[in-house]
1. Report whether or not Leu11 is among the hydrophobic types (A, V, I, L, M, F, W, C), free of Cβ contacts under 8 Å to residues at least 24 places away in the same chain and part of a helix (DSSP H, G or I).
2. Would you point out which residue out of Ile146, Ile126 is more than 25 Å from the chain's Cα centre (by Cα), at pLDDT 85 or above and within 24 Å of Met70 (Cα to Cα)?
3. Can you tell me which residue among Gly125, Gly130 is among the small types (Gly, Ala, Ser), surrounded by 12 or more Cβ atoms within 10 Å (Cβ to Cβ) and assigned to a helix (DSSP H, G or I)?
4. Restricting to the range 90-123, give me the number of residues that are under 22 Å from Ile10 (Cα atoms), at pLDDT 90 or above and hydrophobic (A, V, I, L, M, F, W, C).
5. Keeping to the range 127-158, report how many residues are free of Cβ contacts under 8 Å to residues at least 24 places away in the same chain and over 14 Å from Gly218 (Cβ atoms).
6. Here are Val23, Val54: which of them is under 26 Å from Val211 (Cα atoms) and modelled with pLDDT of 85 or more?
7. As an exercise: evaluate Gly166 against (1) part of a helix (DSSP H, G or I); (2) closer than 26 Å to Met191 by Cα; (3) touching a residue at least 40 places away in the same chain (Cβ under 8 Å) and give the number of the one condition it does not meet.
8. Go through (1) modelled with pLDDT under 65; (2) surrounded by fewer than 17 Cβ atoms within 10 Å (Cβ to Cβ); (3) assigned to a helix (DSSP H, G or I); (4) not hydroxyl-bearing (Ser, Thr, Tyr) one by one and return the number of the condition Glu152 breaks.
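The values are calculated or read from the model by the stated rules, or taken from the named source; none is laboratory data. In this text the structure is predicted, and so the values were computed from the model without any measurement. When we count neighbours, we look across all protein chains shown, and the Cβ atoms used for this are built from the backbone with ideal geometry, even at glycine.
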Amino acid sequence: MMENPLDLDILFHLGPVGISAPVVVTWGIMAALGLFAFLATRNLRLRPGRTQTVLELFVGVVDDQVGDTMRRDPAPFRALIGTLFLFVLTANWSALIPEVEPPTAHLETDAALAVVVLVATVVFGIRGRGVKGYLATFAEPSWVMIPLNIVEQITRTFSLVVRLFGNVMSGVFVVGIVLSLAGLIVPIPLMALDLLTGAVQAYIFAVLATVFIGAAVGEDRPEPRLNPKDIPQ
């Protein structure tokens, strides 16, 4: 059971930098996901097998979600949104491994993920609108709203941290407390619920990232073409 989510156990040092347990778990998750991606995509075929079918289904779901949210071609955003979802999902589910604390139950990891979303929002916003166009969005609908829009940018990033941290940490604590009081069998339903909660939180995080980036880049709706027959004479 986690004693304090704000306390970090330093496992070793790389020079003057202390490496904590959540960092090591994060490295392990990154290595596992990278290895899985390499093995799953090295032999892609026109007639997909089971693994490739699942991957294509996942990519299709991500594309549909991004396309429906942003009203843009999902290709430039697919890798980021899909990776965020898979990482958060794997990190949340790592709580089911004995003696492993999920990295997302620590503020540092959640803050790093939120910063990634913030930076991606700015980068994609500038890429889609240009520097002047992106900065002009802070003055919408009026220049009076500039301070509030800047505060909104900061607070919604902070909300990503608090939402993910609170939900994952609470699930770990509940399972840990019940496990210490009731033994090994009773917490199983709660662990199943923790699986569902971890999946839902990963989905929410990915969707919110999509919404924030979509708001920065704007919709890419082609202008309707007039048919000469529809023009009144």
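1. Judged against the criteria, Leu11 is not a match.
2. Just one listed residue meets the conditions, Ile146.
3. Gly125 is the lone residue from the list that is among the small types (Gly, Ala, Ser), surrounded by 12 or more Cβ atoms within 10 Å (Cβ to Cβ) and assigned to a helix (DSSP H, G or I).
4. 4
5. 16
6. Val54
7. (3)
8. (1)
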